[in-house]
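Below is one structure, written out as structure tokens; the observations come after it.
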Amino acid sequence: MSTINFAAREINCKIVYYGPGMSGKTTNLKHVFSKVPGHLRGEMVSLATEDERTLFFDFLPLDLGTVQGFKTRFHLYTVPGQVFYNASRKLILRGVDGIVFVADSAPNRLRANAESMRNLRENLAEHGIDVRDVPIVLQVNKRDIEGALPTEMIRAVIDPKKELTLFEATAHTGGGVFETLKSVSRLVLDRLSQNK
Amino acid sequence: MIEPSLALYGDAFERVDRHLEELLGATGVRYCLLVDRKGFVLSHKEALWAPRPPALDSVATLVASNAAATAALANMLGERTFSEQIHQGEQGTLYVESVGDQALLTLIFDVSVPLGRVKVHTKKTITQVAAILAELQDAPPVQFSEDFSKGASALLDDLLG
């Protein structure tokens, strides 16, 4: 993008994919990148380690188009899931407008899912944000792995009051990826029109 | 809490734009960007002779993230913030300076441009731009109608199926 037309007004929304390590956050973004036409998305930036684990974040800009004279754009981010990268996760949550929590269906990751959600609440609180004030969508990923836990068991440790909209996904094949993104985007835009 | 980041527009945008244009002329830098702390480009100017810039969305995101990481380091070391960052390579330099707590002024230039000159002119521009951003804080928030949500939903259907 060499020039930007600032005569038009712009709305920019930040959506963060959060969740435990290896749950499929980056895979979600890679699928979006591969399926959205080039003129509606920018480059995908990945700050990853040599073994392709997210070090700081992945980033993908998406252009929605112009709504009532406002050029509307989503910036999608992932956080590093590994426990010891919490300082980075905290930074990426700054100014967040919507969150996709990507949970892992593997039986040995149930605890990691719960801890990651607790970590999200704590990090949002440090930014002065109550978890109930941000649009959050729950994606239960890796539904196709052998021995995948029942969705409701996973929800019970992340969202026991069943307040979040839940999507089942197999991000590596693209299943549920767009449905999840569409849902969180709609929640963010609804918030905008309610002027919250 | 939701923090939509609105690009500058109207009179405020034109004034910021003018200051960036002046800065570009006075310093001889290639690109000059005003980026908000969330990583969105608020305004951008480039020299007529400059080659096509890299993806500005990506530059803005990386600059803002870098600034956030540097600020976290500053806090750990007992500083409120580190207000400027300089990255010098063999061919060029990236210079980033805070515009208050709201934005970052980013300049990208060749090694032939003296860093001292850039710093002097940037500080003057920052004072001017900071005053405009301070005015904007008092501006009433933009109101969106329900039609906005409907229009956006239709576009989401087009984009994501």
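The values are calculated or read from the model by the stated rules, or taken from the named source; none is laboratory data. Worth saying up front: this structure is predicted, and the values here are computed from it rather than measured. Note that we place each Cβ from the backbone using ideal geometry, even for glycine, and neighbour counts take in every protein chain shown.
Criterion applied to A:GLY128, A:GLY98 was being within 10 Å of chain B (Cβ to nearest Cβ), more than 23 Å from A:GLU179 (Cβ to Cβ) and either under 13 Å from the mean Cα position of the chain (by Cα) or free of Cβ contacts under 8 Å to residues at least 24 places away in the same chain (or both), and the one residue passing it is A:GLY128. Going through (1) more than 14 Å from every other protein chain (Cβ to nearest Cβ); (2) buried (at least 16 other Cβ atoms within 10 Å of the Cβ) one by one, B:GLY78 falls short only on (2). If you go through segment B:38-68 and keep only what is within 9 Å of chain A (Cβ to nearest Cβ), over 15 Å from A:SER88 (Cα atoms) and either part of a helix (DSSP H, G or I) or in contact (Cβ under 8 Å) with a residue 60 or more places away in the chain (or both), you end up with B:LEU42, B:LEU56, B:ASP57, B:SER58. In this structure, A:SER116 does not qualify as within 14 Å of another protein chain (Cβ to nearest Cβ) and either buried (at least 19 other Cβ atoms within 10 Å of the Cβ) or basic (Lys, Arg) (or both). Scanning segment A:55-69 for residues that are in contact with a Pro (Cβ under 8 Å, 6 or more places away or on another chain) and crowded, with 22+ Cβ neighbours inside 10 Å yields A:PHE56, A:PHE57. Annotation: of all residues in segment A:101-125 being of a type outside the set (S, T, N, Q) and in contact with a Leu (Cβ under 7 Å, 6 or more places away or on another chain), the one that is farthest from A:VAL140 (Cα to Cα) is A:LEU124. Beta carbons closer than 8 Å, at least 6 apart along the sequence or on distinct chains, pair a first residue in segment B:73-85 that is farther than 18 Å from B:TYR95 by Cβ with a second that is of a type in the set (A, V, I, L, M) for B:ARG80/B:ALA74.
Determine whether segment B:101-112 contains at least one residue that is touching a Ser or Thr at 6+ places or on another chain (Cβ under 9 Å), closer than 30 Å to A:ARG89 by Cα and of a type outside the set (A, V, I, L, M).
Yes, segment B:101-112 contains a residue that is touching a Ser or Thr at 6+ places or on another chain (Cβ under 9 Å), closer than 30 Å to A:ARG89 by Cα and of a type outside the set (A, V, I, L, M).
So that you can scan it fast, the table gives a plain yes or no per residue for (1) closer than 23 Å to B:ASN66 by Cα; (2) hydrophobic (A, V, I, L, M, F, W, C); (3) modelled with pLDDT of 95 or more:
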{"position": "B:ASP101", "(1), (2), (3)": "yes, no, no"}
{"position": "B:VAL118", "(1), (2), (3)": "yes, yes, yes"}
{"position": "B:ALA152", "(1), (2), (3)": "no, yes, no"}
{"position": "B:LEU160", "(1), (2), (3)": "no, yes, no"}
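For segment A:12-29, state whether one or more residues are over 12 Å from the mean Cα position of the chain (by Cα) and among the charged types (D, E, K, R). Within segment A:12-29, not a single residue is over 12 Å from the mean Cα position of the chain (by Cα) and among the charged types (D, E, K, R). Of the residues screened, A:LEU149 is one that is part of a loop (DSSP other than H, G, I, E, B) and either crowded, with 17+ Cβ neighbours inside 10 Å or touching an Asp or Glu at 6+ places or on another chain (Cβ under 6 Å) (or both). When you scan segment A:67-90, do you find a residue that is at the interface with chain B (Cβ under 9 Å from one of its Cβ atoms), on the phi > 0 side of the Ramachandran plot, part of a strand (DSSP E or B) and touching a Leu at 6+ places or on another chain (Cβ under 8 Å), even just one? No. So for segment B:90-97 (the condition being polar (S, T, N, Q) and either exposed (fewer than 14 other Cβ atoms within 10 Å of the Cβ) or within 10 Å of another protein chain (Cβ to nearest Cβ) (or both)), does at least one residue qualify? Yes, segment B:90-97 has at least one match. Taking the condition of being surrounded by fewer than 24 Cβ atoms within 10 Å (Cβ to Cβ) and of a type in the set (S, T, N, Q), how many residues in segment A:70-106 meet it? So the answer is 3. Residues that are touching a Ser or Thr at 6+ places or on another chain (Cβ under 9 Å) and touching a residue at least 12 places away in the same chain (Cβ under 8 Å) were ranked within segment B:86-98; the one that is farthest from A:HIS75 (Cα to Cα) is B:ILE86. Would you confirm, using the coordinates I've provided, whether B:ALA103 is buried (at least 19 other Cβ atoms within 10 Å of the Cβ) and out of contact with any Asp or Glu (no Cβ under 6 Å at 6 or more places or on another chain)? Criteria not met by B:ALA103. If you go through segment A:170-188 and keep only what is in contact (Cβ under 8 Å) with a residue 24 or more places away in the chain and within 14 Å of chain B (Cβ to nearest Cβ), you end up with A:GLY174, A:GLY175, A:GLY176, A:VAL177, A:PHE178, A:THR180, A:LEU181, A:SER183, A:VAL184, A:SER185, A:LEU187, A:VAL188. Taken over segment A:17-56, the criterion of being hydrophobic (A, V, I, L, M, F, W, C), away from chain B (no Cβ under 11 Å) and either within 23 Å of A:LEU187 (Cα to Cα) or free of Cβ contacts under 8 Å to residues at least 40 places away in the same chain (or both) is satisfied by A:LEU29, A:PHE33, A:ALA48, A:LEU55.
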